[in-house]
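Q: This is the structure I want to talk about, given as structure tokens.
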Amino acid sequence: MDTIVGLGKAGCAIAEKFAKYPQYKIFKIDSEGLDSKNKNNYVLTKQNSPEEYEKTTRSMKTFFKKTTDDILFVLSGSGMISGASLQILKCLQDKTVNILYVKPDLEFLGHTNIMQERVVRNVLQEYTRSGLFSRLFLVDNKKIEQILGEVPIVGYYDKLNELIVSTFHMVNIYDHQEAIHATPFDTADTTRISTLGILDIEEGEEKLFFSLDNIREKCYYYAINSKVLETDGKLLRTLTDNINKNIGKEVRAGFQVYSTSYEQNYGYLVVNTEKTNN
């Protein structure tokens, strides 16, 4: 995925986080807060309801002419502007579209926003399961906060978004690199609903970004210091033991090991399922 399209305040904030990596082209869509002179920004007329956004959003194919064929579409469903999402996604039907969906903390949202969030998330899930979109990555802000621990009010979303984007970026990078060690692993056509996670390599503790139901597949990415790879004779057994500890009989798993110059070792994972009700 080398084009990032952000919709709404949350989607645009996350898209902007990707901008620090040179691999991505960034496009942002919102009804406020964007520089309309920037050709990669599209300003929608502000509406009062999701239905009005859906009715008034026109074709944006001209705007998307400069995108690549592999797109990550980023949004959160609680805002009114999410009502425009399906109309916008229609303009990308000739592209390979993955969706990064951020579930907000619903505790203090109004009833309309809560209902809109649920509708958008469920609709995107059903369209993804039907094959209209390549994959739906679900992320829950409450889970991200739990992973980070104490997060100050100032810069709160900035810190949450940083973890989301850095993790997604590293998985994307390793998907395009050759591993020094890997097990055969192919995802099923039916397991298109996913989340990301980070893991403790030594202890095997997994921290997922969304609580998925009925997990079917796990793919592990290990970024290991090159000297450790050359000298640690117990590492492979540690990795495989931890994986076996975290999967059940119904879960297929694979892993990939990459050599790095980082002093610290890192672990990431992508988890897939067929459908989730959370």
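The values are calculated or read from the model by the stated rules, or taken from the named source; none is laboratory data. Quantities reported herein were computed from a predicted structural model and do not represent experimental measurements. All Cβ positions, glycine included, derive from the backbone under ideal geometry; neighbour counts span all protein chains shown. Protein only, heavy atoms only, side chains kept; ligands, DNA and RNA dropped before computing areas. Shrake-Rupley method; radii C 1.70, N 1.55, O 1.52, S 1.80 Å.
Q: Within segment 259-278, take every residue that is of a type in the set (Phe, Trp, Tyr) and open to solvent by 70 Å² or more (accessible area, probe 1.4 Å) and give me the one that is modelled with the lowest pLDDT.
A: TYR262
Q: Has segment 132-147 got any residue that is polar (S, T, N, Q) and under 22 Å from ASN265 (Cβ atoms)? Write out each step before concluding.
A: Just the residues of segment 132-147 that are polar (S, T, N, Q), to begin with: 134, 141, 146.
When the remaining residues are screened for being under 22 Å from ASN265 (Cβ atoms), the result is none.
Scanning segment 132-147, I find no residue that is polar (S, T, N, Q) and under 22 Å from ASN265 (Cβ atoms), so the answer is no.
Q: Turning to a different aspect of this structure: Quick one: in segment 64-113, which of the residues that are closer than 15 Å to ASP140 by Cα and at pLDDT 95 or above is nearest to the chain's Cα centre (by Cα)?
A: LEU100
Q: A further question follows. Being surrounded by fewer than 20 Cβ atoms within 10 Å (Cβ to Cβ) and closer than 30 Å to TYR127 by Cα: is that true of ARG252 here?
A: yes
Q: Here's another thing I want to ask about it. Within segment 172-193, is there a residue that is farther than 30 Å from ARG237 by Cβ and open to solvent by less than 60 Å² (accessible area, probe 1.4 Å)?
A: Yes, segment 172-193 has at least one match.
Q: Conditions: (1) open to solvent by less than 40 Å² (accessible area, probe 1.4 Å); (2) within 23 Å of THR276 (Cα to Cα); (3) of a type outside the set (Lys, Arg). ASN225 meets all but one. Number of the miss?
A: For ASN225, the exception is condition (2).
Q: Here is a further query. When segment 37-55 is examined, which residues are found to be of a type in the set (S, T, N, Q) and without any contact (Cβ under 8 Å) to a residue 12 or more places away in the chain?
A: ASN38
Q: Give all pairs with beta carbons closer than 7 Å in which a residue from segment 210-233 that is touching a residue at least 60 places away in the same chain (Cβ under 8 Å) and among the aliphatic types (A, V, I, L, M) meets a residue that is open to solvent by less than 10 Å² (accessible area, probe 1.4 Å) and in a loop (DSSP other than H, G, I, E, B); count only pairs at least 6 apart in sequence or on separate chains.
A: LEU212/THR276
Q: Looking only at segment 113-157, how many residues end up being assigned to a loop (DSSP other than H, G, I, E, B) and either open to solvent by 80 Å² or more (accessible area, probe 1.4 Å) or more than 22 Å from ASN172 (Cβ to Cβ) (or both)?
A: Of the residues in segment 113-157, 9 are assigned to a loop (DSSP other than H, G, I, E, B) and either open to solvent by 80 Å² or more (accessible area, probe 1.4 Å) or more than 22 Å from ASN172 (Cβ to Cβ) (or both).
Results for (1) outside any strand (DSSP E or B); (2) under 22 Å from ASN113 (Cα atoms); (3) open to solvent by 40 Å² or more (accessible area, probe 1.4 Å), shown as yes or no for each residue.
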{"site": "LYS39", "(1), (2), (3)": "yes, no, yes"}
{"site": "LEU72", "(1), (2), (3)": "no, no, no"}
{"site": "SER78", "(1), (2), (3)": "yes, yes, no"}
{"site": "GLY83", "(1), (2), (3)": "yes, yes, no"}
{"site": "GLN87", "(1), (2), (3)": "yes, yes, yes"}
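Q: Quick one: which residue in LYS61, LYS55 is at pLDDT below 95, within 26 Å of SER134 (Cα to Cα), assigned to a helix (DSSP H, G or I) and not aliphatic (A, V, I, L, M)?
A: When all the criteria are applied, what remains is LYS55.
Q: Has segment 198-205 got at least one residue that is at pLDDT 95 or above and surrounded by 15 or more Cβ atoms within 10 Å (Cβ to Cβ)?
A: Quick first cut of segment 198-205, residues at pLDDT 95 or above only: 198.
Then keep just the ones that are surrounded by 15 or more Cβ atoms within 10 Å (Cβ to Cβ); that gives 198.
There is at least one residue in segment 198-205 that is at pLDDT 95 or above and surrounded by 15 or more Cβ atoms within 10 Å (Cβ to Cβ).
Q: I've got another one for you. Considering only residues that are of a type in the set (A, V, I, L, M) and farther than 19 Å from THR3 by Cα, which ones fall in segment 46-83?
A: MET80, ILE81
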